[in-house]
Amino acid sequence: MFGSIDKSKGLLFVTHDLDHSIRLTMQKMQQEVEGLDENRLLNTPPEDLKRYLVEKHDITPITLLRDQWYADHEDTPVDVRHDTMRWIDDRSRPAMVAGERVEVRIPFEGESELFYAKANTYSMNPPRAVIEKNKIVLRYDTPADQPRDIRALVDQTLRDIEQHLGWQRPMIDAHNQGLPAAAEQAIRQRRERLLAQSQRADALGIPIRRRADAPKTYALPTVKRKAVPTLPPATTAQFKPEPALAMELYEHILKVVQDMALVMERSPDAFKAMNEEALRQHFLVQLNGQFEGKAMAETFNMAGKTDILLREGDRNVFIAECKFWKGPKAFGEAIDQFLGYATWRDGKTAILVFNRGTETSTVLSGIDATAKAHANFKRAIDWPHESGFRYSFHANGDKNRELILTVLVFHVPQ
């Protein structure tokens with residue numbers, strides 16, 4: 001096995017190049033994306049797949065747990081054939097004398113294989129130790145007539161090990177920081193390629209049959225010492241593309257909504273007596289002024305008293321609901337209502353929360369806690385906003401059918 005000689009001698013940080021291992025780890029991640037069943041890839045939300053790949057292919061650096069170290073001591077014969085201060089006729093055979101053995105064990109966290117990886121910066125005189133599962137073992141045999149200061153030797157060896165681990169850390173950090181973007185790119189490129197192939201196949205007008213010998217899945221061996229995550233649950237049934245509201249249009253819709261809220265703040269007397277339905281009408285007017293409707297019909301229309309809908313065919317692509325803040329329970333019910341409306345794979349939704357008289361911090365904390373406690377909550381989405389949040393939820397009964405929910409809080413005069 002590659003590097004087994006170095007390991008058997010107890011040499012650390014010399015067996016293989018860390019830079020090469022990091023590049024190989026990134027290649028394995030990309031190969032795993034390419035090897036996934038195409039329908040499973042398309043049916044799995046990209047964010048779920050990215051998180052799985054990041055968890056599987058990130059590298060956990062080693063941290064020594066020196067506060068948990070301990071030593072074992074025993075009287076035992078020791079071999080002194082390499083002792084230059086002794087006269088020994090034949091140094092090819094063991095020369096045993098009375099002595100003692102001290103073994104110091106230092107637990108660690110991280111991937112043990114890193115003890116054998118050489119960073120770009122390294123020493124020509126590497127430390128020696130034995131790696132046993134999750135512990136470093138430093139072993140010292142001392143003749144009874146030549147006692148040594150074992151503590152000084154231990155401290156020096158650990159300083160050398162910490163130095164090599166410090167040289168590794170920037171390389172590992174760079175890999176882990178770049179892994180999410182690399183995984184996202186690999187997923188996006190293969191999805192785009194598969195969708196383009198599907199469109200070309202449909203254009204043939206001839207039924208396409210999958211090869212009987214085509215691989216269903218592809219699994220790569222792993223050398224990780226940590227628990228290996230499992231792929232997100234998904235079906236390998238034939239993927240059916242569904243139109244989705246482009247993210248830039250979604251952001252533009254929200255921008256129009258927020259601009260209307262500024263008008264409310266600047267003209268408080270005009271809006272202080274309005275209820276949810278009346279306020280919703282003002283948002284509708286602004287939205288339909290920005291987006292053309294089909295066949296002269298309004299693009300945005302109402303459903304019920306508080307909803308704003310954008311429909312494509314028989315599906316809702318954008319849903320917004322206008323609600324006065326009446327506490328976490330009512331907000332949770334609004335989320336439940338959305339989950340009944342959203343029918344597209346990539347639904348975009350918003351809740352416009354009108355606040356009259358409640359402390360802003362109370363409203364924001366109530367929104368965040370209620371959203372994250374919901375049974376369909378998947379993740380919080382990074383969306384910096386001083387009075388809003390963005391989340392991902394899954395549809396009832398289908399974790400791969402997601403909707404994005406943006407919550408915006410507006411102050412309405414009393």
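The values are calculated or read from the model by the stated rules, or taken from the named source; none is laboratory data. Keep in mind it's a predicted model, so treat the numbers as computed, not measured. Ideal geometry is used to build each Cβ from the backbone, glycine not excepted, and the neighbour counts take in all protein chains shown.
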| said: Could you check the stretch 136-179 and list, in sequence order, the residues that are at pLDDT 95 or above, surrounded by fewer than 12 Cβ atoms within 10 Å (Cβ to Cβ) and of a type in the set (Lys, Arg)? | reply: Arg159
| message | With in contact with a helix residue (DSSP H, G or I) (Cβ under 9 Å, 6 or more places away or on another chain), of a type in the set (Phe, Trp, Tyr) and closer than 23 Å to Pro77 by Cβ as the only criterion, which of Tyr116, Tyr140 stands out? | response | Tyr140
| query | With respect to the numbered conditions (1) out of contact with any helix residue (DSSP H, G or I) (no Cβ under 6 Å at 6 or more places or on another chain); (2) closer than 25 Å to Ile22 by Cβ, which one is the sole condition not fulfilled by Asp155? | reply | (2)
| task | Have a look at Ala196, Ala201, Ala182 and point out the one that is modelled with pLDDT of 90 or more and surrounded by 10 or more Cβ atoms within 10 Å (Cβ to Cβ). | result | Ala182
| message | Any residue at all in the stretch 353-369 that's farther than 22 Å from Lys255 by Cα, in contact with a strand residue (DSSP E or B) (Cβ under 6 Å, 6 or more places away or on another chain) and either in contact (Cβ under 8 Å) with a residue 24 or more places away in the chain or not β-branched (Val, Ile, Thr) (or both)? | response | no
| message | Are there strands (runs of 3 or more DSSP E) fully within the stretch 275-358 with at least 2 residues that are at pLDDT 80 or above? List them. | response | 315-324, 346-355
| query | When you look at Leu49, is it surrounded by 14 or more Cβ atoms within 10 Å (Cβ to Cβ), in a helix (DSSP H, G or I) and either modelled with pLDDT under 90 or not assigned by TED's automatic domain parsing to the domain that holds Ile187 (or both), yes or no? | reply | no
| query | If you go through the stretch 386-399 one residue at a time, do you hit one that is under 23 Å from Phe271 (Cβ atoms), of a type in the set (Asp, Glu) and assigned to a loop (DSSP other than H, G, I, E, B)? | reply | yes
| remark: Checked Ile381, Ile367, Ile404 against criteria (crowded, with 17+ Cβ neighbours inside 10 Å, at pLDDT 85 or above and closer than 14 Å to Lys348 by Cα); the one match is Ile404
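Condition check ((1) of a type in the set (Phe, Trp, Tyr); (2) more than 18 Å from Pro46 (Cβ to Cβ); (3) in contact with a Phe, Trp or Tyr (Cβ under 9 Å, 6 or more places away or on another chain)) across all residues:
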residue: Gly347; (1), (2), (3): no, no, yes
residue: Arg356; (1), (2), (3): no, yes, yes
residue: Ala369; (1), (2), (3): no, yes, no
residue: His374; (1), (2), (3): no, yes, yes
residue: Lys399; (1), (2), (3): no, no, no
residue: Thr406; (1), (2), (3): no, yes, yes
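Listed here are the residues, each with its yes/no results for (1) assigned by TED's automatic domain parsing to the domain that holds Arg151; (2) closer than 30 Å to Ala174 by Cα; (3) at pLDDT 95 or above.
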position: Thr44; (1), (2), (3): yes, yes, no
position: Glu55; (1), (2), (3): yes, yes, no
position: Arg66; (1), (2), (3): yes, yes, no
position: Thr76; (1), (2), (3): yes, no, no
position: Thr84; (1), (2), (3): yes, no, no
position: Ile88; (1), (2), (3): yes, no, no
position: Gly99; (1), (2), (3): yes, no, no
position: Val102; (1), (2), (3): yes, no, no
position: Phe115; (1), (2), (3): yes, yes, yes
